[in-house]
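See structure below.
The numbers here are math on the coordinates, done by the rules we state, and not lab data. Since the structure is predicted, the reported quantities are computational estimates derived from the model, not experimental observations. Don't worry about glycine lacking a Cβ; one is built from the backbone with ideal geometry, like all the others, and counts go over all protein chains shown.
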Amino acid sequence: MKYRQLTKEQFEELHKEFATFLGTQQIDVKEWNEIKSTKPNVAEDEMNLFSDLVWDKVLTKANYLEHFSSNSLNLFRCDGEEIQRIVVTVSKPGFDFLNEKDYSWFVDNSKDDSVDYFKGQKPYLKERNFEIFELIEQGSVISNGDLYEAVFKIIS
């Protein structure tokens, strides 16, 4: 398995796609139920294979990630050969990016002296999709890139 198996909720959300996937392997509902009860290892392998296919598709399309924590905002642009990163910190006592009021303050005061920006990039040390997957597993979420691009304009 390349990534991790989808959660039960993700499988439920993608049940039609999973059924189509099984259909491409000429496994119908009756046969799938039999496989699950008599060959759980085979069922697990099929679920793992489907999970990897879904993850690969999602990660290939992912171009931006965001990771919010109380003391910093990490923004990523995932290019083909390297990943760009912007880290935003605010040196105001008690500031918390996870607090809606503080985040709104940052949006309105992004050029304030208490706001610090760090920008960097690095080539992927592993396969691109796997590095993006690792960032997601550490709490990043896929985004549309609007925040990254807005912050990038501020610091450029």
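A few remarks follow.
- Relative contact order (%) - criterion: Cα under 8 Å, at least six apart; region: the range 64-155: 35
- With a Förster radius of 22 Å applied to the beta-carbon distance between Glu149 and Asp102, the computed FRET efficiency rounds to 0.50.
- Gap separating the Cα centres of the range 105-131 and the range 27-75, nearest whole Å: 28
- Cross-link reach is defined here as a Cα-Cα straight distance under 18 Å, omitting same-chain residues fewer than 8 places apart; for Lys111 the lysines meeting it are Lys92, Lys101, Lys119, Lys153.
- Distance histogram for the chain (every C-alpha pair counted, 10 angstrom bins, percent rounded to whole numbers): 10, 31, 24, 19, 11, 5, 0
- Pair-distance profile P(r), taking every C-alpha pair of the range 64-155, with 5 angstrom steps and integer %: 3, 13, 24, 25, 17, 10, 6, 2
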